[in-house]
Amino acid sequence: MQRRIFISDTDNGPVVYFDTGLEPRSFARTKMAQSLIEPGFVVSSDGTHKPWKPAGVNDMDGFMRVWGPLFDGTRLDVLLEEINPDTDCTQAKQKALDAVVLWIKAKLFLGETKAVINPGASFVGENNVFFAPEHISTRCLFIEQTGENVSQQDRYNCPDLIDTNATAFCAGVMLYKILTGSHPYPTLEIYQNMREGVYMPVNLAAPDLNENISGLIQEALLLPVVKKRSSKNGAAILSQIINILCIKTKVVDVSSLYTPLPAEKKAHLLKQKKQYLFRQASAKAIKDFAVRNRKVLIGAGIVLFIFLFIFFNSLKPNPNRPETEGMTSDSVAAAYYSAFSVLDHFFMEACVLGADRGDINIAASLYAVNRARQAYEGSYAPQYITAQTWQEHGGSLPAPNVFGVTDFSLQHISGNENDAAVTYRADYLLWAPDEDARNRSDVLTLRRDRFKNWRITEILRTER
């Protein structure tokens, strides 16, 4: 990866360079020259600090680079990248630990003085730390972390945190990397995982690590997770970290932070680690499958919702459902088709006793789709208009949102209110979304139920 913040030589000797990646015209247009007045800071181990200011700009190979006085040190993120979990890197761990402790102290010394947090914009020397000017360093790091280097995006800072909470979180991530050998957020879903607290717990990543420092790292990483964070703020976490990692002014030996575990406890933690990795792998597989098959799953979900809606509504008795009590046989027959038009499958259920349920299932399905779309779109407006209303307003085709009965007529065939059964013929046009009208003729048989209410017991249908 090409570093955009680095130490190099000029005619007058080594300096700190900031490669903006901008041509002279773009550099002027974006007003990057204003960054020349923005200071950085050099903080000594005794707590004193002084501003660092850029000294000039030069054109190198057609791109503008800001430069300033030399700071003799190493980029902090470079020290962290030298730690490899697959090799014995005790020396690299110790060097990085010394640097991070010095960095934490420097941030605490600065107090409310604003200084960039990204370790890529900090250089650590033997007894001091350089914090680069925020605006120009942010620009340079953004270029480093885009394009082919997208996997190198800022893995040490959560955008939701500020002040000492942000510093504590960054320190926690760096210490996790040093003391476990791995980064807590290795995937591209970095910021989502930071916000949700998705990472391997410290006690599983490094089971033999000192419990006190392990717990503090855990508390630091949970600062962005509102429901899981502890009562400690960032300042308290940083102070306690320093108390553990420093004996007077000297950083502890990194190897002293680990204690061999009894075989039984080690096996138990190893089992927990395997279970955690399995859960994470399963969750990722499910998430990837859901992303790849999003449309299919949405469609299947709607179908399942409709099925369950119809199924449970057909099984569960509801004392509040409408009935046909007091209605004549012809009014029940007419009301059945009116309810069909407005998708009132509840009243259609009340009208039917043993007759074919095809119309009820259609009405219930369209009703469920209507409710699902309203919930998804956040609207209470109906998705369908009745065919009668549509016809009264001109009724032009195509009609994608129309459903219901028009041109309805009901003819008495046999029986009367005093007989056991009454028969009618219903002639009508049925309109469905994006379809031409269906010309139907139904022969309806109605009988009284045990409550003496008229119900439709048979529908013989002819469609043409």
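The values are calculated or read from the model by the stated rules, or taken from the named source; none is laboratory data. The shown structure was predicted, so the numbers you read here are calculated from the model rather than taken from an experiment. Here Cβ is always computed from backbone atoms with ideal geometry, including for glycine, and neighbour counts include all displayed protein chains.
Tabulated values for the structure
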quantity: Subset of segment 3-16 (residues that are free of Cβ contacts under 8 Å to residues at least 12 places away in the same chain and assigned to a strand (DSSP E or B)); calculated: S8, D9
quantity: Qualifying position, being of a type outside the set (V, I, T) and surrounded by fewer than 17 Cβ atoms within 10 Å (Cβ to Cβ), among R438, R455, R447; calculated: R438
quantity: From R229, R195, residue being assigned by TED's automatic domain parsing to the domain that holds S122, more than 18 Å from L80 (Cβ to Cβ), modelled with pLDDT under 95 and outside any helix (DSSP H, G or I); calculated: R229
quantity: Filter result for A355 (under 36 Å from the mean Cα position of the chain (by Cα) and buried (at least 19 other Cβ atoms within 10 Å of the Cβ)); calculated: no
quantity: Residues located in segment 339-364, provided they are touching a residue at least 24 places away in the same chain (Cβ under 8 Å) and touching a His at 6+ places or on another chain (Cβ under 6 Å); calculated: A363, A364
quantity: Selection within segment 183-192 - of a type outside the set (A, V, I, L, M, F, W, C) and buried (at least 16 other Cβ atoms within 10 Å of the Cβ); calculated: H183, P184, Y185, Y191
quantity: Close pairs (6 angstrom Cβ cut-off, 6 or more residues apart or separate chains): at positive phi in segment 17-34, at pLDDT 80 or above and part of a helix (DSSP H, G or I) anywhere; calculated: G21/I143
quantity: Residue satisfying condition, being touching a residue at least 60 places away in the same chain (Cβ under 8 Å), crowded, with 20+ Cβ neighbours inside 10 Å and aromatic (F, W, Y), within set Y336, Y367, Y384; calculated: Y336
quantity: Test for L179: is it part of a helix (DSSP H, G or I), touching a helix residue (DSSP H, G or I) at 6+ places or on another chain (Cβ under 6 Å) and in contact (Cβ under 8 Å) with a residue 12 or more places away in the chain; calculated: no
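Condition check ((1) at pLDDT 95 or above; (2) under 23 Å from M327 (Cβ atoms)) across all residues:
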residue	(1), (2)
Q383	no, no
F403	no, no
L410	yes, yes
A420	no, yes
Y428	yes, yes
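Yes or no, residue by residue, for (1) within 32 Å of the chain's Cα centre (by Cα); (2) over 21 Å from C246 (Cβ atoms); (3) touching a residue at least 24 places away in the same chain (Cβ under 8 Å):
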site	(1), (2), (3)
W67	no, yes, yes
Q91	no, no, no
K105	no, no, yes
F131	no, no, yes
F142	yes, yes, no
